[in-house]
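Novice: There's a structure below that I have some questions on.
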Amino acid sequence: MSESEEELSAGHSPELEPVVEKISTEYGFDVRGYKRTTLYRRLQKRMADAGCPTAEDYLVRLETDPREHGQLVNTLLINVTEFFRDPPAWEYLQRECLEPLLGAQPPEEPFRAWSAGCATGEEAYSLAISIAELTPGRNLPVKIYATDMDEGAIMAARAAVYGPAALENVSQERRERFFEALPGGQSRVRREVRRMVIFGHHNLLEHTPISRVHVLVCRNLLIYFDAETQQQILQRFHYSLREDGFLFLGRAETLMSRSSLFTPVEPRLRIFRKHPDRVPGRRPPLPGSRFPDRLPERKDGMDSSRPATEQAVPIEQIHGPVLLLDRDGALVAASPAARELFRISDRVIGSTLAQLEERTRPTVLRVAIEDARVTARATRVEEVRLPVGDGKIAILNFEVRPLTEARGELAGLLVWGQELTREYEAVEELVRVREELEAVSEELQTSREELETINEELQSTNEELETTNEELQSTNEELETTIEELQSTNEELETTNDELRARQEALNERDRFQGMVLSSLQMGVVVVWSNWTIASWNRTCEELWGVREAEAVGQNLLQLDSGMPFDQIRKPILAVMQGEEPARSLELKAMNRRGRPLHCRVRIIPLQEPANGTAGAMILIEAAAERA
Ligand SMILES: C[S@@+](CC[C@H](N)C(=O)[O-])C[C@H]1O[C@@H](n2cnc3c(N)ncnc32)[C@H](O)[C@@H]1O
């Protein structure tokens, strides 16, 4: 199937072409050789992920968001890979290809291999391990060039650190010998294997191919390219490989219908050898299209090497076209088939070929007949095409044999024709069927590659989902931890709360008791801090001075609007507060809240703080109504 047919059948999306063009011409990643079906699917996926419903939207996104290009490249390059992917193929490669090559390798000459499209390195390390197992203690210089155009993948490959899932195909023995355990279940490829591999950024379509390699591994990459690009890459691979080199492709990649540059070694496992005498760019001729170079045995059982004159069968009974000429080239006899073919009538028997009419003259034979006559040797003319009416053509090979007399002199010439029309028709039919088969197998191949690609995409999506799932699980675990921490904090808070509540109750109780004591005293009690702020004001004070406890506590005593004669007690209080006097008693006159005169006996004592001395003063007031 041609590329355009493939595109049509795959649902060509012309609206995405501007995106393809932009990536190819402006971003240094020429994707025009990639299969459109896959390319479009990946593009559409990226557009959906980026929230761009149309190609125009996406072009704008590419223009405005500098990170988008990287995201797109990541989506287009599918990095799915495994250690020893398709184990039977790797076993075969090691046993049947690497072992003989390494066995014949001169010790001083480096063994060279190339893993093209190596993704995150598993394939290159699989190759290195396969070689290391065959060369214990040989110290053979080995260079495995491992390339990919995805720089992120190459960085991961260089780090050579893999999780447990990546090592599923690796036997326990290989894990122990070629990997070292890291914390967290990770494993790292050991140094002895790592130093065999040289990783590098390389675009298969643009950069010079690695040369003189013994083994070229390029798996599951050709499937992404269209047929023409695959052919170009295969030509480069042909150049890269040494004459005795092997090409190892992916499971879905068969070269049978694509390239004559390689011959299959184990086609089922996709292992090929370089075809040494093929020049890249030429297809070999179709087998079966050549004709036998010798005339077959005659159907009538006649020995064509013997002169016709010696045959017992008269010429009229011969099936094929046969002409008998005398030594001068005059027509002596013609078989019925020859008469029909050349439209020869009895009238022209005895004439030379030159004398025959243009229409009946077997002109194409003239040179051959003349040659045989002059040289007395047999001559041949092949693939003579003669019209036989109804627009049909007969195809024949002719042989002209000189007939000699007993003395060796030329007696005449036998012209014998071999009908090939049916064989030709059969060959043409064969070619047609072959082409059809090739087209069908091409279609099948495309579908298989398509399936393989979808599979890879699914695997990739699956891996993405697994990662997302793992992330979600980890977020979930974090949330659960946080919840547990919160629960524990909550429990602690509840305990603290209970303690506080108990303490508060105790305080309330003490307060109540204190209030009870203060209000039970038959005298006014005022406690002031040294800055004159009232700390306590008992019920007797409320009754005496008409100010409630809530209005008094926290106020400056000297500014309180009550009948207390502050001007008289200010100085004595200050003296006590400043420690000038240990205590003070005085008597004074005042006015209660109803305006009745009072006689007050006041005692001022210091409010002692155990550590800091005087913190204020306590004023005890005994009041009695003034007698009139
Ligand atoms: C599906 S992976 C195959 C990995 C490995 N060969 C295997 O079979 O396990 C295809 C790899 O080819 C790389 N690739 C795609 N186009 C490329 C190009 N033009 N040149 C080099 N590598 C390319 C991708 O980045 C990706 O890592």
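Novice: Looking only at residues that are touching a residue at least 40 places away in the same chain (Cβ under 8 Å) and in a helix (DSSP H, G or I) in region 495-542, which one is surrounded by the most Cβ atoms within 10 Å (Cβ to Cβ)?
Specialist: The residue in question is Cys541.
Novice: Considering only region 90-137, state which residues are at pLDDT below 95, closer than 23 Å to Glu176 by Cβ and either surrounded by fewer than 14 Cβ atoms within 10 Å (Cβ to Cβ) or not assigned by TED's automatic domain parsing to the domain that holds Arg177 (or both).
Specialist: Pro136, Gly137
Per-residue answers, yes or no, for (1) more than 60 Å from the chain's Cα centre (by Cα); (2) open to solvent by 90 Å² or more (accessible area, probe 1.4 Å); (3) farther than 18 Å from Val525 by Cβ:
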{"site": "Val553", "(1), (2), (3)": "yes, no, no"}
{"site": "Gln568", "(1), (2), (3)": "yes, no, yes"}
{"site": "Arg584", "(1), (2), (3)": "yes, no, no"}
{"site": "Arg593", "(1), (2), (3)": "yes, yes, no"}
{"site": "Leu607", "(1), (2), (3)": "yes, no, no"}
{"site": "Gly613", "(1), (2), (3)": "yes, no, yes"}
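Novice: Same structure, new question: Of all the residues that make up region 394-410, how many are open to solvent by 40 Å² or more (accessible area, probe 1.4 Å) and more than 16 Å from Gly320 (Cα to Cα)? Please lay out each step first, then the result.
Specialist: Restricting attention to region 394-410, the residues satisfying the condition of being open to solvent by 40 Å² or more (accessible area, probe 1.4 Å) are 401, 404-409.
Keeping just the survivors that are more than 16 Å from Gly320 (Cα to Cα) gives 404-409.
Total meeting the criteria: 6.
Results for (1) touching a strand residue (DSSP E or B) at 6+ places or on another chain (Cβ under 8 Å); (2) open to solvent by 10 Å² or more (accessible area, probe 1.4 Å); (3) within 11 Å of the ligand (Cβ to nearest atom), shown as yes or no for each residue.
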position	(1), (2), (3)
Ile210	yes, yes, no
Val213	yes, no, no
Asn220	no, yes, yes
Ile223	no, no, yes
Glu228	no, yes, no
Tyr239	no, yes, no
Glu243	yes, yes, no
Arg273	yes, yes, no
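Novice: Still on this structure, I have one more. Could you say whether any residue in region 601-612 is assigned by TED's automatic domain parsing to the domain that holds Ser536, within 24 Å of Arg539 (Cβ to Cβ) and at pLDDT below 90? Let's see the steps before the verdict.
Specialist: Keep residues of region 601-612 that are assigned by TED's automatic domain parsing to the domain that holds Ser536, which gives 601-612.
When the remaining residues are screened for being within 24 Å of Arg539 (Cβ to Cβ), the result is 601-607.
After this cut, where a residue has to be at pLDDT below 90 as well, the list is none.
No, region 601-612 has no match at all.
Novice: Then there is this: I'd like to check something: does region 97-115 contain any residue that is within 14 Å of the ligand (Cβ to nearest atom) and aliphatic (A, V, I, L, M)?
Specialist: Checking region 97-115: at least one residue is within 14 Å of the ligand (Cβ to nearest atom) and aliphatic (A, V, I, L, M).
Novice: Let me ask something else. Read through the list (1) away from the ligand (no atom under 16 Å from the Cβ); (2) more than 19 Å from the chain's Cα centre (by Cα), then give the number of the only condition that Ser130 fails.
Specialist: Going through (1) away from the ligand (no atom under 16 Å from the Cβ); (2) more than 19 Å from the chain's Cα centre (by Cα) one by one, Ser130 breaks only (1).
Novice: Now, a different point. How many residues does region 150-164 contain that are in contact with a His (Cβ under 8 Å, 6 or more places away or on another chain) and modelled with pLDDT of 95 or more?
Specialist: Residues meeting the conditions: 1.
Novice: If you don't mind, there's one more thing I want to ask. Please verify whether region 144-156 includes one or more residues that are among the aliphatic types (A, V, I, L, M), open to solvent by less than 30 Å² (accessible area, probe 1.4 Å) and assigned to a helix (DSSP H, G or I).
Specialist: Yes: region 144-156 contains one or more residues that are among the aliphatic types (A, V, I, L, M), open to solvent by less than 30 Å² (accessible area, probe 1.4 Å) and assigned to a helix (DSSP H, G or I).
The values are calculated or read from the model by the stated rules, or taken from the named source; none is laboratory data. Small disclaimer: the values here were computed from a predicted structure and weren't measured. A quick note on method: Cβ atoms are made from the backbone with ideal geometry, for glycine too, and the neighbour counts reach across all protein chains shown. Side chains are part of the model used for accessible areas, which takes the heavy atoms of the whole protein and leaves out ligands, DNA and RNA. Shrake-Rupley method; radii C 1.70, N 1.55, O 1.52, S 1.80 Å.
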